[in-house]
Amino acid sequence: MTESDALAELDPAQVQAVEHGDGPLVIAAGAGTGKTRVLTARVARLLASGVAPERILLLTFTRRAASAMLSRAAALCGDAQAAQRIAGGTFHAVAHRIMAEHAQHLGLEDVTVIDPDDVVDLLDLLRAEHGLDGTAVRLPTTRTIADIASRVINTATPVRTVIEEQFPWALEQADAITGLLRDYRARKQERGLLDLDDLLIAWRALVADPDVGARLRARWDWVLVDEYQDVNRLQVDIVRGLRPDGRGLTVVGDDAQAVYAFRGASAGHLLEVTEAHPDATLVRLERNFRSTQPILDLANEVRPGELALRLVADRPQQGARPALVTCRNADDEARTIADRILAAHVDGMPLRAQAVLMRTGSHSAQLEVELKVRGIPFHKFGGIGYLETSHVRDLLASFRVVLNPADEVSWYRLLTRHRAIGKASARGLAAILADGGTDRAADAVAAAPAKARTGLASTLSLLGAVDAATPVPELVEACRGAMDPLLRGHYPDWHRRVTEVDGIAQAAAHQSDLRAFVSEQAIDPVNVAGDWAKQPHLDEDWLTLSTIHSAKGLEWDAVHLMRATDGAMPSDMALTSPAGLAEEQRLFYVALTRARDTLDVYAPSRLPTHPTAFMAKHVAAKPSRFLTEPARALMDPVRTAVPAPELSSGSATPRARVRLDAFDELFA
Ligand code: ATP
Ligand code: MG
């Protein structure tokens, strides 16, 4: 292929952006206008015009997005090998690579990266040490404290200010939280642990370093960033540090789709680039190539105010109006979604062209059961719950204590898998082991509850037989041997988990650098849950289930947006601040604009108070407040046909379920 192929199938505004020279370039445009396509074509064009792939850095929000763009660029420029040599990936993944290269300089040679769940575990450990773990203490949840920590870093704002602005109800505890977070930082350093924010901090520090920074600036001539509306302060600093004069910088985004304010992103970053570089070229793309006009009409109606232009469909055909499907309850919603997916399938739409999107991963609990019962294959992206990945993470924890015996959180995790060890003793034992690894096995065993001693001694002797210098396959084998009896005893459904544990063990055994592999699992958790054992085959047809966050930038012919009710979307948790509500609205907008041909929005009228609890109470639910009167006027109402089940024995609903529903009223 030639350079002109990269320009094929682009409209004049897009061609202008692709052909733009090396001056700073900002593409600010709405959903589906081809921003990502332009970025990809630009990469292909650079390659075709002789730029060495090593000189290009491509930053995206997910690993999936990076690999999709790189393979498309490879196809466009006809040189798959060249495209593979481009540095591409998420900010965190690239940060990790760079940090590993400069570990010595940073004094970070033996560190491991911990994921957000580990952060919570570590904070829990510290809370207990501070005596702040009792129910009597009115402190926010540990997860909220972790959020506060992240916000502090990502917005460069003092703890107290973050609490004042975002969590005012916790203000009384500001000193306790600040103390806890100070200790959290110290403990990470002491134990050789880096959280995801630390990776960005390390990258930024390297960019700011006179010597290393100069080398990093000289390394890439071209820095291209997709979804720039969602970068946070640290990421802005990194990009600016890499391209201070904006030469070779391309940033692409849509303010109306900013959905990571909770992580410290703030709309306006795109504009900031044009302000920082008066010579920047601002390109706006106006035609939407993705969706039909009726879908865009709804999206325009829902779109948060001032920010963006109205989207106009480039596609000639009209297409169906979005459906607003009112269902009776969560079970009815699950059945109806499955029905409509199958109906579309019968009409010739493969499962692969359809997706079910949701605000929060737990919303699909009933749907997943329904899909399994009906034999509809699916894969779920984003929001993967603790339970689904915990066994995989247990095995990773065993690798980590071998690679870094000071890793207190991993010791803690592993110890709690012992039947006879409770949380409090696990904390004490983790502290002992983190201070000397398996060399302190005897001390740990002596300190363990009597019932746990034999088991613990055996675990520690198996782990103690290997260390960071052991060949990887042998190390993995030993960890597997140590963990097997623990996990078997810990998980009642072990038989369902064992394949995944096998999968990750096999993948790990083939690594040349196990430390990097383990850290990558913390950086991109999709990959952990992401099905080592059940990686979807390309020739199979399967449905996508995804959180809206994980669906960013993607598209499907048919989108089923489930649980569009107040409380779920917007999420109750976001209602504490106007900023939170605005973010939910942008998220809703992102969801609607994923659809190409058909869009079904589902609103159950009764919902369980807890999404996964089997016996949860059911309460009335209303359609999302974002579906205003004018918005609903753009939709076709659909009601599920089956009448309310109230005591009617003739309905298709299993009897037991009818009875449970009836009991709910007693507890309302
Ligand atoms: P988002 O904001 O959701 O990330 P985007 O602006 O990145 O959207 P793309 O994903 O690049 O948009 O493009 C949306 C769809 O339109 C894709 O299927 C893409 O292939 C198609 N498309 C883009 N430009 C053109 C064009 N000039 N002609 C035909 N199809 C196009
Ligand atoms: Mg895009």
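Measuring nothing but how far apart in sequence close Cα pairs (under 8 Å, 6+ apart) lie, relative to its length, the stretch 434-481 scores a relative contact order of 33 percent. When each of the peptides 489-495, 9-15 is scored by how many other beta carbons lie within 10 Å of its residues on average, the order from highest to lowest is 9-15, 489-495. For Lys423, the lysines whose Cα comes closer than 19 Å to its Cα, not counting residues fewer than 8 places off in the same chain, are Lys451. What a 1.4 Å probe finds exposed on the chain is 54% carbon and sulfur by accessible area, rounded to a whole percent.
Placing one equal scatterer on every Cα of the stretch 87-163 and applying the Debye formula, the log10 ratio I(q)/I(0) at q = 0.15, 0.22, 0.24 Å⁻¹ is -0.73, -1.10, -1.15. Using the average count of surrounding beta-carbon atoms within 10 Å as a protection proxy, the listed peptides 140-153, 247-260 rank, highest first, as 247-260, 140-153. Per residue, the convex hull around the alpha carbon atoms of the chain comes to 172 Å³.
What percentage of all Cα-Cα pairs in the stretch 322-364 are separated by more than 16 Å? For the stretch 322-364, the fraction of Cα-Cα distances above 16 Å is 43 percent. Look at where the Cα atoms of the stretch 577-612 and of the stretch 272-342 average out, and the two centres are 12 Å apart. Prolate is the label for the stretch 19-149, because the ratio a/c of its alpha-carbon gyration tensor axes (a ≥ b ≥ c) is 1.5 or higher and a/b is greater than b/c.
If you look at the Cα atoms of the stretch 421-507, you get an Rg and a Dmax of 13.9, 37 Å.
I'd like the distance between the alpha-carbon centres of the stretch 168-226 and the stretch 26-46, rounded to an integer number of Å. Taking the Cα centre of each part, the stretch 168-226 and the stretch 26-46 sit 30 Å apart. Helix screen, the chain: DSSP H segments with Cα axial length of 18 Å or more and mean Kyte-Doolittle hydropathy at least -1.0 are 35-48, 63-77, 116-129, 142-155, 196-208, 330-346, 386-403, 472-490, 494-509, 578-592, 655-667. Rounded to the nearest 5, what % of the DSSP beta bridges within the chain are antiparallel ones? Percent antiparallel among DSSP bridges in the chain is about 10.
For the stretch 1-142, the solvent-accessible area of protein heavy atoms averages 41 Å² per residue (probe radius 1.4 Å; ligands and nucleic acids excluded). Judged by the mean number of other Cβ atoms found within 10 Å, the most tightly packed of the peptides 592-600, 199-207, 469-477 leads the ranking 592-600, 199-207, 469-477. Based on C-alpha pairs under 8 angstrom that are at least 6 apart in sequence, the stretch 1-156 has a relative contact order of 18 percent.
Summary value for the chain: 17 percent relative contact order, contacts being C-alpha pairs under 8 angstrom separated by 6+ residues. With helices as the sole contributors, the chain gives -15000 deg cm²/dmol at 222 nm; each DSSP H run of n ≥ 4 counts as -39500 (n - 2.57), and the sum is divided by every residue.
Here the stretch 176-331 is treated with +1 on each Lys and Arg Cβ and -1 on each Asp and Glu Cβ, and its dipole about the Cα centre works out to around 280 debye.
The values are calculated or read from the model by the stated rules, or taken from the named source; none is laboratory data. These figures come from a predicted structure and were not determined experimentally. For neighbour counting, all protein chains shown are included, and Cβ atoms are generated from backbone atoms with ideal geometry for every residue, glycine included. Each accessible area value is taken on the protein alone, full model and side chains, heavy atoms only, with ligands, DNA and RNA left out. Shrake-Rupley method; radii C 1.70, N 1.55, O 1.52, S 1.80 Å.
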